[in-house]
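What follows draws every value from the coordinates through simple rules; no lab data is involved. The structure presented is a predicted model; accordingly, all values stated were derived computationally and were not measured. Because the Cβ atoms are built from the backbone with ideal geometry, glycine has one as well, and the counts that use them run over all protein chains shown.
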Amino acid sequence: MFRRTERLVSSLQLGGYRANVVAYVISLLSERSRRHLDLESIWRHQRLSAELGAAVLDLAPRVRSILLDAPGHGNVTEWAKKPACWERVLGMSSQLPDVVMAQLASPGNGSKEPEAAAINVVGLSAEAWARLAEWAELTGHLSPFDRRTAGGMITLMRSAAMPTDKQNEVATRIYESAVATAFPEEQWA
């Protein structure tokens, strides 16, 4: 994965700091996928999927611009070692495309089948969660806790962060409850 990512980043001809960009892009892909990249499949096929390669090409220039924006015009390689740099990269707006999310391995079994719950929650936009929260408030179909959680999912999805396992579990329960109590499924689109 490292070598292929390195070649993809090089193909962009971004200039220096390739090693830093590659390390950050791989780390960001791992983080955004909740560490469910199917490394076994990558190893077996000795390549990245076209979709994962496209995600690398999309992320690399944006990661590099964050690296180059070292506070006080400081040393880029020193900045890249600081937790604040990683936090800034994590804060950038980016989500893995649905097609990449569909290629993720389920934890613990190495399977290429994604977790149904992860797809249900991660694939939903902030706007879909906003529609759900508004519907729940108007109809009273969800508990106050669930309505607050739906509101939290709006913020989470807008930040392009991945929900924790617990958030994913609760959000999936809310999703299933909403659909079961007449929230129109087309509102999720």
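For helix 144-158, what angle does its Cα long axis make with the longest principal axis of the chain, in degrees from 0 to 90 and rounded to 10?
Helix 144-158 and the main axis of the chain meet at about 30 degrees.
For region 120-188, what does the convex hull of the Cα positions come to per residue, in cubic angstrom? Each step should come with its number before you reach the end.
Working: hull volume 4.8 nm³, N = 69.
Cα convex hull per residue, to the nearest whole number: 70 Å³.
Taking +1 at the Cβ of each Lys and Arg and -1 at the Cβ of each Asp and Glu, which of Gly53, Ser41, Val9 sits farthest along the dipole of region 2-114 towards its positive end, judged by Cα position relative to the Cα centre?
Comparing the listed Cα positions along the dipole, Val9 ranks first.
Using unit Cβ charges (K, R positive; D, E negative) and no other charged atoms, how large, in debye to the nearest 20, is the dipole of region 2-114 about its Cα centre?
Working: 15 positive and 11 negative charges, 56 e Å.
With only Lys, Arg, Asp and Glu charged at Cβ, the dipole is about 280 debye.
Return a whole-number percent for the relative contact order of the chain, with Cα pairs under 8 Å and 6 or more residues apart as the contact set.
Working: 195 pairs, mean separation 39.2, N = 189.
That works out to 21 percent.
Which entry in (i) 19.1, 66; (ii) 18.7, 56; (iii) 15.9, 44 is this structure's computed Rg and Dmax of the Cα atoms in Å?
Looking at Rg and Dmax of the Cα atoms in Å for this model, the match is (ii).
Can you find, among Ile154, Ala180, Ser30, the residue farthest towards the positive end of the dipole of the chain? Put +1 on the C-beta of Lys and Arg, -1 on that of Asp and Glu.
Ser30
To the nearest 10 degrees, how steeply does helix 2-11 sit against the main Cα axis of the chain, on a 0 to 90 scale?
80
³J(HN,Hα) across region 40-47 via Karplus (A = 6.51, B = -1.76, C = 1.60, θ = phi - 60°), whole Hz, x for Gly/Pro?
For region 40-47, the Karplus-derived couplings read 4, 5, 4, 5, 4, 8, 6, 6 Hz, x marking Gly and Pro.
Rg and Dmax of region 1-86, using alpha carbons, in Å: what are they?
13.2, 44
Remind me, relative contact order of region 120-188 in percent, using alpha carbon pairs under 8 angstrom and six or more residues apart?
Numbers: 58 pairs, mean separation 32.7, N = 69.
Computed over region 120-188, the figure is 47 percent.
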